[in-house]
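Taking it in order: structure first as structure tokens, then the write-up.
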Amino acid sequence: MTFRRSTPFTDPSLDGPSGAMHPVFAAARLRFVKMIPQRIVKIEGLVEDINSKHGSSADLADIADVAHQLAGTAATLGMPRIGRLSGNVERLIRDALSSSQSPQSVLACVGPEIEALLDALEDAFLD
Amino acid sequence: MRFICVDDDPVFLDIINANLKGQGFDKIDCVGSAQEVLDLVENGIRPVDCFLVDIQMPDKDGIQLCRELRDIPRYGQTPIVMVTKMSEKGYVDQAFTAGATDYVTKPLDELEFRSRINMVKRLHDERNLTAQFRKQQSLFGNIAMKVEYDSPALIPEIDNAVEYFALENYLLTLGKRRLRGSSAMGINLSNAQVFHSACDAEEFFDVLADVGHSIFECLKIHQFLISYAGSGNFVIFRPNSTEIDTESLESQINGVLNKFQMTFAIDDLPVPQVIVGPSVGCSIFSIGPPTKMLERSISMVQPTGRTTRIAGRLAA
């Protein structure tokens, strides 16, 4: 049994859209980018619901779920910043969900991270 | 080989699909939920050779899916590889206890994924060859089928039992740092060769199951995983290293087995007897992979090790 590496895939050729990409990932990256608008809309909708006081912990968990999906895929596709930001959002929300904080106060803490993630997603879509 | 891949992220399914195709596999079904997997296996005519399973999914998660697949007799030993972002020890523990064969974390390292799939393919090919050989043997009728003496096997009907290959993968997934404080203990069936010579494959597995169950009964107050590594060797992995009196445990297990003396005597077989080795820990400073602790625990109950233990007792 060979000893395993634990480092993620970090081919520098994948940094940014101008890098030459392995064909395996090119199509997947294109699909990921095409799905960005619907993910942004989903996160913004959930944030709005929570801010309007109609939202619940379930909405926060939904944001964490979207962040989880982004984190797992983005880094594999050579978008480490989106991977890191979404991983942070997911971790912060899940840690807060185990406490008794209200969704609104959790959002107040995690808000800046969510904004940074949304900005990174927009940048990736527009590039 | 036929694969079923399940992940609620369609983009990740594209990545896995493309990776597998790049490795030359073309029978790949990609679905978005655990229920779709269960529907496919229930209605499918062609058997599945490997499942690639995400953990975090809505409704039913990948760990529950793994449990339910293992409950289907046809898929009791089919490789199930978890492909997930969840790297925390709790998830790894749950996955392997539920019956996972291997665990790959996202983001996906292409070379590592390729090497894991190659290992799964080797396992699949070996099992296929064995199954074909047995089928050919059975065509000649009345020829007792034998199992390879040094082959690992899954002990049936024990919740804590895992395949040796999966136990190795579990240790490799966790790594030495997270294995700190855990321990492995070898338990050798000292008259395994006698049973292997005298019994056909089914009878030999029955003996292994009896021994496995006896070990389980004597250890059930502890948290542990049990695996059969081949050559009469069982390995007990514990997430801690609380002291166990090995001599007392050895007496207990042999005591349980001795109760079945009459049953074995009817088949003209001796009572299985075990030797319990000392607990072996995993140091982050030790050379070699984390699986070395399994190998060390087994080596401590081999004939040379036994002589050392007996000499030690006499010296005491």
inquiry  = Please report the net charge: other residues with Cβ closer than 12 Å to the Cβ of A:GLU115, K and R +1, D and E -1.
reply    = -4
ask   = On a 0 to 90 degree scale, rounded to 10, what angle separates helix B:110-139 from the longest Cα axis of chain B?
value = 60
message = Springs between alpha-carbon pairs under 10 angstrom, Gaussian network model over chain B: which of B:GLY230, B:GLY24, B:GLY281 fluctuates most?
response = B:GLY24
request  = Enumerate by residue number the GluC sites (Glu not before Pro) in the range B:67-112 meeting two conditions: DSSP loop (anything except H, G, I, E, B), and at most 13 other Cβ atoms within 10 Å of the site's Cβ.
outcome  = B:GLU88
Degrees separating the helix B:89-98 axis from the principal Cα axis of chain B, which is the longest one = 80
request  = Evaluate E = 1/(1 + (r/R0)^6) for B:ILE221 and B:SER197, where r is the Cβ-Cβ distance and R0 equals 25 Å; express this FRET efficiency to the nearest 0.05.
outcome  = 0.10
message = Interface size between chain A and chain B, please: total buried accessible area, 1.4 Å probe, rounded to the nearest 100 Å².
response = 2500
task = Given the options B:TYR228, B:TYR170, B:TYR91, state which has the largest fluctuation in a GNM of chain B using a 10 Å cut-off (strictly under) for Cα springs.
result = B:TYR91
request  = Calculate how steeply helix B:34-43 sits against the longest principal axis of the alpha-carbon atoms of chain B, using the helix alpha-carbon long axis, and give the answer as 0 to 90 degrees to the nearest 10.
outcome  = 80
message = Please compute the per residue accessible area over the protein assembly as shown with all protein chains in place, 1.4 Å probe, rounded to a whole number of Å².
response = 48
message = Given a Förster distance of 22 Å, report the FRET efficiency between A:CYS109 and A:LYS53 from their Cβ-Cβ distance, rounded to the nearest 0.05.
response = 0.85
message = Report the Cα centroid-to-centroid distance between the range B:1-69 and the range B:209-275 in angstrom, as an integer.
response = 37
request  = Return the single residue from B:ASP206, B:ASP93, B:ASP245 with maximal mean-square fluctuation; model: Gaussian network over chain B, springs between Cα atoms under 10 Å.
outcome  = B:ASP245
ask   = Under the Karplus relation 6.51 cos²θ - 1.76 cosθ + 1.60, θ = phi - 60°, what is the ordered set of whole-Hz ³J(HN,Hα) values for the range B:211-220, x standing for Gly and Pro?
value = 5, x, 5, 5, 4, 4, 4, 7, 10, 5
query = Among the listed pairs A:LYS53/B:LYS60; B:LYS121/B:LYS292; B:LYS27/B:LYS146; B:LYS176/B:LYS292; B:LYS121/B:LYS176, which are separated by more than 22 Å between their Cα atoms?
reply = A:LYS53/B:LYS60; B:LYS121/B:LYS292; B:LYS27/B:LYS146; B:LYS121/B:LYS176
message = Computing the accessible area with a 1.4 Å probe over protein heavy atoms, can you report the carbon and sulfur percentage for the range B:40-120?
response = 49
task = With the cut-off at 31 Å, report for chain B the share of all Cα pairs above it, as a whole percent.
result = 36
message = Please compute the contact order of chain B in relative form: average sequence separation of alpha-carbon pairs under 8 Å and at least six residues apart, divided by the residue count, as a percent.
response = 15
inquiry  = With the cut-off at 1.5 for a/c, could you classify the range B:72-135 from its C-alpha gyration tensor as rounded, prolate or oblate?
reply    = oblate
message = Averaged across A:66-72, how many Cβ atoms of other chains sit within 10 Å of each residue's Cβ atom?
response = 6
note = Taking a ≥ b ≥ c as the square roots of the eigenvalues of the Cα gyration tensor, with a/c under 1.5 meaning rounded and otherwise prolate when a/b exceeds b/c and oblate if not, the protein assembly as shown is prolate
query = Which aspartates and glutamates, on any chain, are close to B:LYS106 with Cα under 16 Å apart, when same-chain ones fewer than 8 places away are left out?
reply = A:ASP11, A:ASP65, A:GLU90, B:ASP7, B:ASP8, B:ASP9, B:ASP14, B:ASP54, B:GLU88
query = Rounded to the nearest 5, what % of the DSSP beta bridges within the protein assembly as shown are antiparallel ones?
reply = 50
inquiry  = Test of understanding: extend the Cα→C-beta vector of B:HIS124 to 7 Å, then name every residue of the range B:77-100 with backbone N under 20 Å from that spot.
reply    = B:77-84, B:99-100
query = Is the shape of the range B:1-66 best called rounded, prolate or oblate, per the rule: a/c under 1.5 gives rounded, else a/b larger than b/c gives prolate, else oblate, with a ≥ b ≥ c the square roots of the Cα gyration tensor eigenvalues?
reply = oblate
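The values are calculated or read from the model by the stated rules, or taken from the named source; none is laboratory data. Please read these numbers as outputs of a predicted model, since none were measured by experiment. Every residue, glycine among them, receives a Cβ derived from its backbone with ideal geometry; neighbour counts consider all protein chains shown. Note: accessible area is taken over every heavy atom of the protein model, side chains too, but ligands, DNA and RNA are not part of it. Shrake-Rupley method; radii C 1.70, N 1.55, O 1.52, S 1.80 Å.
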